[in-house]
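Report on the following structure.
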Amino acid sequence: MTIFLDNLSVDFDEHFQLHNLNWEIKETQHWVITGTNGAGKSALFAALMGAGKHLSGQIRDLPERIGVVSFAAQEELINQERKKDDADIMDVISEGTPVRNIIFDDCLDPHTAQQLIARFDLNYLLERAFRQLSTGESRKVMIIRALSCKPQLLLLDEPFDGLDVDTLALLQAHLQELVAQVPMIMILNRFDEIPAFTTHIAYMEYGQILHQIDTQDAEAYDSLYQLLHLKTTDLSVPECDADTAIPKLDQAQPLVKLNNLTIKYNEFVLIDKLNWTIEPNQHWQLSGPNGSGKTAILSIITGDHPQCYSNDILVFGFQRGKGESIWQIKQFIGYVSTALQWEYRVQISLRNVIISGFYDSIGLYTKATDRQKIIADQWLALLGMSARADQPFQKLSYGDQRLLLIARAMVKHPPLLILDEPCLGLDDINRQLVLALIEKICAGSETSVIYVNHHPEDKIAGIDNYLALHKSTP
Amino acid sequence: MSNNYFNTLPLREQLAQLAKCRFMTMDEFADGVSALKGKKMVVIGCGAQGLNQGLNLRDSGLDVSYALRAAAITEQRQSWKNASENGFTVGTYEELIPTADVVLNLTPDKQHTAVVNAIMPMMKEGACLSYSHGFNIVEEGMQVRDDLTVIMVAPKCPGSEVRAEYVRGFGVPTLIAVHEDNDPKGEGLALAKAYAVGTGGHKAGVLMSSFIAEVKSDLMGEQTILCGMLQTGSLLCFDKMLAEGVDAGYASKLIQYGWETITEALKYGGVTNMLDRLSNPAKIKAFDLSEELKTIMRPLYNKHQDDIMNGTFSRVMMEDWANDDKNLLGWRAETAETAFEKTPAGDVEIAEQEYFDNGILMVAMVKAGVELAFETMTAAGIIDESAYYESLHETPLIANTIARKKLYEMNATISDTAEYGCYLYNHACLPLLGEFMQNIKTDVIGRGLELDDTGVDNARLIEVNAALRAHPVEAIGATLRGHMADMKKIV
């Protein structure tokens, strides 16, 4: 029977809520739930078990017998044992309930329980008191209890945590045997622990189920893997390359100063006398409708727009048109846009795409140093793409290409990072991936960011300067 | 009438000039653009080469402006728009030429005499005049004022590519030369190198050549293998397929995109790789056909090279210039009327490998043309490096233009000089291959070999493979392509 969650919202303590969960678990499905700490995964289990204050929506067709393995359930059982001890009014030391009773009292499937005790080689502790067991031992007992209640649904919260290698393999083998009998929902935070029989993965954040994917969808699977990786990795943004470091800028000078910028094509004036100064360490959001000239202004800054020579522009200490080369300007800028992604049509490996950021080139035309290769590999590790370092860039998904180009833009730690609609054309998972990466970058560097977006209301944290353009009419 | 400069030189000097061509090393460009820094560069001509080279040079920190004829400015012609919309200073010859330290003559060959005669009296004492093709100096014998330095910087790609590659942070292979009769201060090489750096050419490889080697090899390559062979091959293959009942749309597509596809293999791994893309029986078939083609066409290649060397070609072409391009325009119109040109590519899928399998004759034609052009040039004293660039290296570039819009696009993109030579070749080659084509069936063009068994004789296969790999164009090709081994080339 299919289990339904319809618009379910549940309130817990500590100001935590599950919001508007819509979810179907079919009998033949096996789900893994992932998400960062505090995303609401365990709360979801608790809600399925009836905990929390029900706000709205409903759970339908939840089966009667649910086998649960979780630290919360384990803790609860240990607490019960402790209470029994406290309740003992006789002045004798209580041994507590022996494991044998914990397992076999109320057991619906003693045969399976026996089988598992033999498999896990636990006969030696059947007579011991449950609460004297080590964490690992009590975990195994919990697992046996859950599996021997003739469950119609298994809820397994990090079931592999705290198990030694042999037991882990035994448990995985046993779960494999149950695949045809009972649907399972597992909370797992490590992708490498996801069992092969998993049919679906749900990703939670902020008390919501943000993504539900079919494990057959390889591209979605990879994206989700990376998202989780970026959200949970301890890795931070790699250092820049000291040997090819960008010259130091005068901190008293603005990074960019546009004086009465005017861009026109024939008689059509796109930008009319715009003044804009970007000081070091300022973050800006540039917004405006299509055709309002956002990209044109940025290409004036990057030197890609020919009219940068016929305007009064100061960038990184260079007054444009006084004999500086475009590469002297570009060395201070990291740049990401959809157009760049379209332009990046070269046969090149992932690693070399990142290294090309040191040279501001599309493609790599200079022999990279060993140091640069190391840094590129650190970026790939951060992105969760280490295994694909030598694969061709063109074979990457659209979203992965975008991530890689952001890493390319940041690899030299430029004083100015321009993100021209970095989420354009991306689906939800990839949008979050990109934002997670940008967050990571902003947290770990002294780079000023110009973030371009259509919508002035679509703000991101840390950006406190705004320039909104209006559409010029021809 | 002009004097052919090459013909005024003694034989040993002719041979010495023809043999000039050297692949320069990166460290020879350590000075960057400094030889041109602060100098005033004035470009004449604002077409694809003029505009894009100017954009690159300016982005390299150099001072670039455009001199146009007064009429182009007052009438706001396209060249004026190109230059002024990109924020360049634009002025008349009279305004800008006297201020120029370097004048970049990027007009078509045909206008060179008029342009150079007009600007020479206005040029500053000791200034530099730069060409991107040596025709005016070598074939027309232009005498440049003794105090002026004359150099050549020739990016070996269309202007749009020159810009696109620069923006990517790379460049296009470039040929540079100094006209030794006009290098009074001995600064010609330094200026040419700085110019090549300014356009980004140094990153893709620079060949140090001579005006003479450039002209004589360039003319030979463009009129034989590059444009002539592809045009003749297109027409013959198309007509044959139609006669044999192959669908016209399919035939048109197979040819239009086939040259590009098969020469892509040529670009990456030479003639050997192009033939390695075929099955063993097809490879042996293509090899045999190309041997036959080479025997038939060798006299024609020799004639083209002879006419180029002794000045006959340029004399005849210049007569047509003087006659308002009567021949050129007539032949251009004729080409537009061919069945191939008038049949649009059909809406059929052709897989990449199918272009090889069903285009065995096209592969044979490319192989024969590349090898013959290379052999003929080197036999005439042009050295392997020049001969490689003007035959094998440029074939994929021309094939790309056919893929875009057939022969019309090819002939519109190449210079008038190349176009004129291409028609000459085509007119001679079509009848020359008449008998050969009678024996051609769709197994080698249009439908592919029908084999139950792809087995071949080992001894024969070994012979063919050895012969392919032993050709001298493969040796120099491997070396020159190797220079770019560390650079991932653009697709």
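Rule-based calculations on the coordinates, nothing more; no lab input. Note that this is a predicted model, so its numbers are computed, not measured. So basically every Cβ, Gly included, is an ideal-geometry build from the backbone, and we count neighbours across all protein chains shown.
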Residues in the stretch B:154-196 reached by a label modelled at B:LYS39 [backbone nitrogen below 14 Å; 7 Å Cα→Cβ] = B:177-179, B:183-196
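Quick one: length gained pulling B:ALA16 to B:GLU450 fully straight, 0.36 nm per residue minus the C-alpha distance? Could the numbers behind the result be given before it?
Values: separation 434, 0.36 × 434 = 156.24 nm, distance 5.16 nm.
Contour length minus Cα-Cα distance gives 151.1 nm.
Mind giving me the FRET efficiency for A:ASP217 and A:ASN275? R0 is 35 Å, r the Cβ-Cβ distance, nearest 0.05 is fine.
Details: r = 49 Å, r/R0 = 1.40.
The formula returns an efficiency of 0.10 here.
Which value, in debye to the nearest 20, gives the size of the charge dipole of the stretch A:339-455 about its Cα centre, when Lys and Arg are +1 and Asp and Glu are -1 at the Cβ? Provide the component values of the computation, followed by the final result.
On the way: 12 positive and 12 negative charges, 79 e Å.
The calculation lands at about 380 debye.
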Arranged from highest to lowest average of other beta-carbon atoms within 10 Å per residue, in what order do the peptides A:116-127, A:413-424 appear?
-> A:413-424, A:116-127
For the stretch B:263-371, what size does the Cα cloud have along each of its three principal axes, sorted from largest down, in whole Å?
-> 51, 36, 25
Taking 7 Å along the Cα-to-C-beta vector as the label spot, tell me the B:ASP147-A:ARG82 distance in nanometres, rounded to one decimal.
-> 10.2 nm
When you have a sec, figure out the Kirkwood radius of chain B from all distinct Cα pair distances and drop it here in Å to one decimal?
-> 23.3 Å
Which of A:ASN266, A:CYS240, A:ASN281 sits farthest toward the positive end of the charge dipole of the stretch A:233-288, with +1 on the Cβ of Lys and Arg and -1 on the Cβ of Asp and Glu?
-> A:ASN266
Over the whole of A:237-250, what's the average partner chain Cβ count within 10 Å per residue? Rounded to a whole number, please.
-> 0
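Starting from 0.36 nm per residue, how many nanometres of slack lie between A:VAL165 and A:LYS150 once their C-alpha separation is accounted for? Each step should come with its number before you reach the end.
On the way: separation 15, 0.36 × 15 = 5.40 nm, distance 2.62 nm.
Additional length available on full extension: 2.8 nm.
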List the cysteines of chain B that have no other Cys Cβ closer than 4.7 Å: which are they?
-> B:CYS21, B:CYS46, B:CYS128, B:CYS157, B:CYS237, B:CYS429
15 Å beta-carbon shell around B:VAL167, net charge (K/R +1, D/E -1) | 0
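For the protein assembly as shown, what is the calculated [θ] at 222 nm in deg cm²/dmol (nearest 500), taking -39500 (n - 2.57) for each run of four or more DSSP H residues and dividing by its residue count? Working shown, then result.
Values: 40 runs with 441 residues, N = 965.
Helix contribution divided over all residues of the protein assembly as shown: -14000 deg cm²/dmol.
What relative contact order, as a whole-number percentage, does the stretch B:21-209 give when Cα pairs under 8 Å and 6 or more residues apart are counted?
Numbers: 395 pairs, mean separation 49.4, N = 189.
Reported relative contact order: 26 percent.
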Tell me, what is the percent relative contact order of the stretch B:213-482, built from C-alpha pairs under 8 Å that lie six or more residues apart?
-> 41 percent
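Can you give the percent of C-alpha pairs in the stretch A:3-232 whose distance is more than 33 Å? Don't jump to the answer; show the numbers that get you there.
Working: 5285 of 26335 pairs.
Percentage above 33 Å: 20.
Quick check on chain A: what are the equivalent-ellipsoid semi-axes from the Cα gyration tensor, as sqrt(5λ), descending, whole Å?
On the way: eigenvalues 640, 109, 81 Å².
Whole-Å semi-axes of the equivalent ellipsoid: 57, 23, 20.
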In Hz, Karplus ³J(HN,Hα) per residue of the stretch A:122-135 (6.51, -1.76, 1.60; θ = phi - 60°; x = Gly, Pro) | 10, 3, 5, 10, 4, 8, 6, 6, 4, 6, 8, 6, 6, 4
Can you give me the Cα centroid spacing of the stretch A:365-437 and the stretch A:100-171 in angstrom?
-> 45 Å
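From the P(r) of the protein assembly as shown, could you give the percentage of C-alpha pairs in the tail past 36 Å?
Details: 292594 of 465130 pairs.
Counting pairs separated by more than 36 Å, the tail of P(r) holds 63 percent.
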Work out the charge dipole of chain B with +1 on the Cβ of Lys and Arg and -1 on the Cβ of Asp and Glu about the Cα centre, then indicate which of B:ILE119, B:SER160, B:TYR5 is farthest towards its positive end.
-> B:ILE119
Added length on full extension, which subtracts the Cα-Cα distance from 0.36 nm per residue, A:ARG100 to A:GLU24 | 23.7 nm
Distance between Cα centroids, the stretch B:277-318 to the stretch B:246-267: provide it in whole Å.
-> 20 Å
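Please return the longest range in chain B lying between exposed loop sites, taking GluC sites (Glu not before Pro), DSSP loop only, at most 13 other beta-carbon atoms within 10 Å, and leaving the sites out. The partial results should precede the final answer.
Details: sites that count: B:GLU75, B:GLU125, B:GLU337, B:GLU349, B:GLU450.
In chain B, the maximal stretch lacking such sites is B:126-336.
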To the nearest 20 debye, the protein assembly as shown has a Cα-centred charge dipole, built from +1 on Lys and Arg Cβ and -1 on Asp and Glu Cβ, of 1620 debye
Compute the distance in nm between two label points, each set 7 Å from the Cα along the Cα-to-Cβ direction, one at B:MET120 and one at B:ILE296.
-> 4.7 nm
Based only on Cα atoms, what Rg/Rh ratio does the stretch B:50-102 have, Rh being taken as Kirkwood's radius?
-> 0.95
Under a cut-off of 23 Å between alpha-carbon atoms, report the lysines in cross-link reach of A:LYS264, not counting same-chain residues fewer than 8 places apart.
-> A:LYS273, A:LYS294, A:LYS322, A:LYS471, B:LYS81
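Kirkwood Rh over alpha-carbon pairs of the stretch B:79-175, then Stokes-Einstein at 4 °C and 1.567 mPa s: what D in µm² s⁻¹, rounded to an integer?
87 µm²/s
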Sorting B:ALA265, B:ALA459, B:GLN78 by the position of each Cα along the dipole of chain B (Lys, Arg +1; Asp, Glu -1; all at Cβ), the one nearest the positive end of that ordering is B:GLN78
Rough spin-label spacing in nm, given labels placed 7 Å along Cα→Cβ, for A:GLN391 and A:GLN132 = 5.4 nm
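Need one number: % antiparallel among DSSP beta bridges in chain A, to the nearest 5. Present the calculation step by step, with values, prior to reporting the outcome.
On the way: 33 of 68 bridges.
Antiparallel bridges make up about 50 percent of those DSSP assigns within chain A.
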So which lysines pass the test for B:LYS406, namely a Cα distance under 26 Å, with those fewer than 8 places away in the same chain ruled out?
-> B:LYS110, B:LYS156, B:LYS240, B:LYS253, B:LYS267, B:LYS294, B:LYS326, B:LYS342, B:LYS367, B:LYS441, B:LYS489
Along principal axes, largest first, the alpha-carbon spread of the stretch B:213-482 in whole Å comes out as 59, 40, 33
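If R₀ is 41 angstrom, what is the calculated FRET efficiency for the pair A:ALA118 and A:PHE16, using the beta carbon separation as r and rounding to 0.05? Please report the intermediate quantities before stating the final value.
Numbers: r = 41 Å, r/R0 = 1.01.
It comes out at approximately 0.50.
Mind putting a number on the dipole of chain B about its Cα centre? Charges go on the C-beta only, +1 for Lys and Arg and -1 for Asp and Glu, and I need it in Debye to the nearest 20. Let's see the in-between values first.
Working: 44 positive and 67 negative charges, 176 e Å.
Roughly 840 debye, rounded to the nearest 20.
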Mind checking which lysines have their C-alpha under 16 Å from A:LYS41, skipping anything on the same chain fewer than 8 residues away?
-> A:LYS231
